[in-house]
Structure formats: structure tokens, C-alpha cells
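Chemist: Handing you a structure now.
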Amino acid sequence: MASKVTPTTKVIPTSKLASTSALILAVLSLVAFSTAALGLFLNWGWVDDSGWAWFLLPGIAFGCGTMALYLGIVGVREARREPEGEGFGRSVFGSIAGGLVTLILLGCVAAAIAAFIFIVIAYPQG
């Protein structure tokens, strides 16, 4: 007669890990982006006077936003695959917020490059 085997440990779904990571990274990217944007528009002294803040804060926002977008997509796929489906809302928020911050920063970089090209063409030296 075979004995019944009952699991004693609970397996944590991977969707919970991906969705929670996406949520945390999305919030971190939003904080870094809003700190840089408010420092620019409100003329905060520590953001305005230091050169590192203009490169560090958007870099953190872009890196965390990109990772939040990726982990949010992974979390949505995992949440749909599992019967419990936990973490769907966190995954959606992480992917939307991370994608939004990433697109805004890429738009800023594209606008800066376009402005530089316009200035070089409009005001030639020589």
C-alpha cells in the first residue's frame, strides 16, 4: 500500500517576485525622475549646483524604468499562467510606469540631440 505524500513547504510563485520587483523599480524610477524634473523647474540648489545630479538621477530613472518595464511584462505573463494569478496589478503598474518614464527620458534625449543638430546647422562656425 502506497503512502500519501503531502507537501510541507509552500512554493512562492515567480509572478509575485517579478511583479513586486517591477513595482519597487517603477516607484524608484518615478522618484528619481520627479526629483530631477522638480529640481530643474523649481531651481533647487543641490540639483542646480551639482553636476552629478543631472546625470545620476536620469540614469537611475532610465535604468529602473527599463527594468520595471521588463519585469512587469514577465510578471503579467507569469500571473496569467498560474492558477492563483497573484501580482497582476503590480505587474501592470510596473510596466506602465516604467515604460512611461523610459519613453519620456528617451524623448528628452531625442529632443536634446535634435536641438544640438539644429544649433549646429543654424549657426555655422567659420
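The values are calculated or read from the model by the stated rules, or taken from the named source; none is laboratory data. Every value quoted in this text rests on a predicted model; they were computed, and no experiment measured them. Because the Cβ atoms are built from the backbone with ideal geometry, glycine has one as well, and the counts that use them run over all protein chains shown.
Chemist: Can you find, within the range 1-38, the residue that is nearest to M67 (Cα to Cα) among those that are at pLDDT below 85, among the small types (G, A, S) and surrounded by 16 or more Cβ atoms within 10 Å (Cβ to Cβ)? Reasoning before the result, please.
Modeler: Residues of the range 1-38 at pLDDT below 85: 1-16, 36-38.
With among the small types (G, A, S) added as a condition, the list becomes 2-3, 15, 36-37.
Adding the requirement that they be surrounded by 16 or more Cβ atoms within 10 Å (Cβ to Cβ) leaves 15, 36-37.
On the way: S15: 15, A36: 19, A37: 21 Å.
Among residues in the range 1-38 that are at pLDDT below 85, among the small types (G, A, S) and surrounded by 16 or more Cβ atoms within 10 Å (Cβ to Cβ), the one nearest to M67 (Cα to Cα) is S15.
Chemist: Moving on to the next point. Hey, any hits in the range 39-56 for a residue that's in contact with a Lys or Arg (Cβ under 6 Å, 6 or more places away or on another chain) and buried (at least 18 other Cβ atoms within 10 Å of the Cβ)?
Modeler: No - not one qualifying residue is present in the range 39-56.
Chemist: So, in the range 71-114, exactly how many residues are of a type in the set (F, W, Y) and either in contact with a strand residue (DSSP E or B) (Cβ under 6 Å, 6 or more places away or on another chain) or without any contact (Cβ under 8 Å) to a residue 24 or more places away in the chain (or both)? Before you say what the answer is, go through the steps one by one.
Modeler: First, the residues of the range 71-114 that are of a type in the set (F, W, Y): 88, 93.
Remaining after also requiring either in contact with a strand residue (DSSP E or B) (Cβ under 6 Å, 6 or more places away or on another chain) or without any contact (Cβ under 8 Å) to a residue 24 or more places away in the chain (or both): none.
Qualifying residue count, the range 71-114: 0.
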